[in-house]
Amino acid sequence: MHYEGSFEVSSSKEMVYAFATEPAKITTILPDVQDVKIIDAENFTLKAKLGISFVKGPMDVKCTITDKTPSIFLKLKATANGLSSVVEVESSFTMQDTQSGGTLVKWAADAKIAGLIARVGSRLLDSATEKYVTEMIDSFKQKVSQ
């Protein structure tokens, strides 16, 4: 499954990049996170509650920030296990200056889903994904604009 989009924030791309590459900060935008363990500057784990249709419960997620180009680009790889499922996501983020002095963030994510969650159906999965992405973007905008 492939998803992509973009959004603007009023903060500089240096500030956006610094927030996005700091595990203690970026994990604050994720919905329903119950526990975060920071391993080092690029690796962290978390436990989050996930709910898609009849499939609801905790998942253990291992994340790695990779391919960093300061203030311009980064990739985030995540593998989630739980609910009799495995979800692998590779996300990329590109930051560009806007004419107003803010930052345009272009993002893309590719997900591979196996197990019970994959059986939910693409319409329900797309709907839940859109909800989670919207929540994360709204939270990101709020936190980098503070």
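The values are calculated or read from the model by the stated rules, or taken from the named source; none is laboratory data. All of these numbers come straight from a predicted model, not from anything done at the bench. Neighbour counts are summed over all protein chains in view; Cβ atoms, including those assigned to glycine, are modelled from backbone coordinates with ideal geometry.
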Residues that are closer than 14 Å to Phe54 by Cα, at pLDDT 90 or above and basic (Lys, Arg), drawn from region 103-124: none
Pick from region 11-21, criterion farther than 12 Å from Gln96 by Cβ and either surrounded by fewer than 15 Cβ atoms within 10 Å (Cβ to Cβ) or among the β-branched types (Val, Ile, Thr) (or both), ranking: nearest to the chain's Cα centre (by Cα): Thr21
Scope region 84-140; condition over 17 Å from Phe19 (Cα atoms) and of a type in the set (S, T, N, Q); matching residues: Ser84, Ser85, Thr98, Gln99, Ser100, Ser122, Ser127, Thr129, Thr134
Checking Phe93 against (1) farther than 14 Å from Ile137 by Cα; (2) in contact (Cβ under 8 Å) with a residue 60 or more places away in the chain; (3) not charged (D, E, K, R), the condition it does not meet: (1)
Odd one out for Tyr3 among (1) surrounded by 16 or more Cβ atoms within 10 Å (Cβ to Cβ); (2) touching a residue at least 60 places away in the same chain (Cβ under 8 Å); (3) under 14 Å from Met136 (Cβ atoms); (4) not small (Gly, Ala, Ser): (1)
Lys68 vs. criteria of a type in the set (D, E, K, R), surrounded by 14 or more Cβ atoms within 10 Å (Cβ to Cβ) and in contact with a Leu (Cβ under 8 Å, 6 or more places away or on another chain): yes
Residue count for region 33-48, restricted to those that are under 30 Å from Gly121 (Cβ atoms) and surrounded by fewer than 14 Cβ atoms within 10 Å (Cβ to Cβ): 2
Filter result (surrounded by 13 or more Cβ atoms within 10 Å (Cβ to Cβ) and either among the basic types (Lys, Arg) or not in a strand (DSSP E or B) (or both)) within region 103-124: Lys106, Leu116, Ile117, Ala118, Arg119, Val120, Leu124
Residue satisfying condition, being modelled with pLDDT under 95, in a helix (DSSP H, G or I) and more than 24 Å from Ala24 (Cβ to Cβ), within set Ser100, Ser127: Ser127
Scope region 57-85; condition of a type in the set (Val, Ile, Thr) and modelled with pLDDT of 95 or more; matching residues: Val61, Thr64, Ile65, Thr69, Ile72, Thr79
Among residues of region 3-49, those that are within 12 Å of Phe93 (Cα to Cα), of a type in the set (Gly, Ala, Ser) and assigned to a strand (DSSP E or B), counted: 2
Unmet requirement for Ser91, which otherwise passes all of (1) at pLDDT below 95; (2) more than 16 Å from Ser53 (Cβ to Cβ); (3) not in a helix (DSSP H, G or I): (1)
